[in-house]
Ligand SMILES: Cc1cc2nc3c(=O)[nH]c(=O)nc-3n(C[C@H](O)[C@H](O)[C@H](O)COP(=O)(O)O)c2cc1C
């Protein structure tokens, strides 16, 4: 049974990244009527920031070169570590169980929202990191779709192209855990043209970008 893990991180009502991820999820669910759908709203249910206890566990896993997920699962030693690991481990299991991972991620300050980053910091533990020799890890082979919205435009040739640390960051971080081999970005750009006067002239481009992202969500949701 295929499993879709869908995360959203925009706190905004009317969020564009949520519209795109929603379109993908809806299509995927129609295409996979027997599939399992897991939804996590990082705004409604934020993942607490990583803490001292989890970092202690992570340092031990790194120091001991632990590659086994079973060993990692039982690696907490103190009550504080147990409590922190109990927050993190279900998030890791969700990732492991998913065949497709759908990430709704707006651009915030050229990167990603802190709610998304808090989730990421907890789940990227050493045993998930791809083996540098083979490029393979426990998450390899999964399909990842990023539904993104940004106020401006960041494509090649635009003045702010070099400021796009959202896509570059996600590619690097997802790649570290073997999740960049089947990775698709669906960007709706220039969303600020709806309310910023100097960007009104770009409303048509924004509409085209939005429709292309929605269309991409449908196409990829059916795949
Ligand atoms: C805190 C914050 C930071 C933002 N930073 C950027 C930015 O660096 N570049 C940009 O193009 N838009 C930026 N925006 C605009 C958002 O990317 C834009 O509104 C987008 O549509 C948000 O996604 P959403 O519609 O899913 O909420 C920012 C918005 C907020 C609230």
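Short-range pairs are left out: with C-alpha atoms under 8 Å and at least six residues apart, the relative contact order of the stretch 105-223 is 26 percent. The long axis of helix 52-63 is offset from the longest Cα principal axis of the chain by roughly 70 degrees.
Taking Cα atoms only, the orientation of helix 16-31 departs from the longest principal axis of the chain by about 70 degrees. Distance from the Cα centroid of the stretch 161-215 to that of the stretch 94-140 is 18 Å (rounded to whole angstrom). Working value for the stretch 37-180: equivalent-ellipsoid semi-axes of 28, 18, 14 Å, each the square root of 5 times a Cα gyration tensor eigenvalue, largest first.
What's the exposure ranking of 24, 120, going from fewest to most Cβ atoms within 10 Å?
Numbers: 24 27, 120 20.
Ordered by Cβ neighbours within 10 Å, fewest first: 120, 24.
Taking Cα atoms only, the orientation of helix 203-222 departs from the longest principal axis of the chain by about 40 degrees. Taking every DSSP beta bridge that has both ends in the stretch 3-222, the antiparallel portion is near 5%.
None of the figures in this text is laboratory data; all of them are computed from the coordinates on show. This structure is a prediction, so every number in the text was calculated from the model and none was measured. All Cβ positions, even for glycine, are placed from backbone atoms using ideal geometry, and neighbour counts span all protein chains on display.
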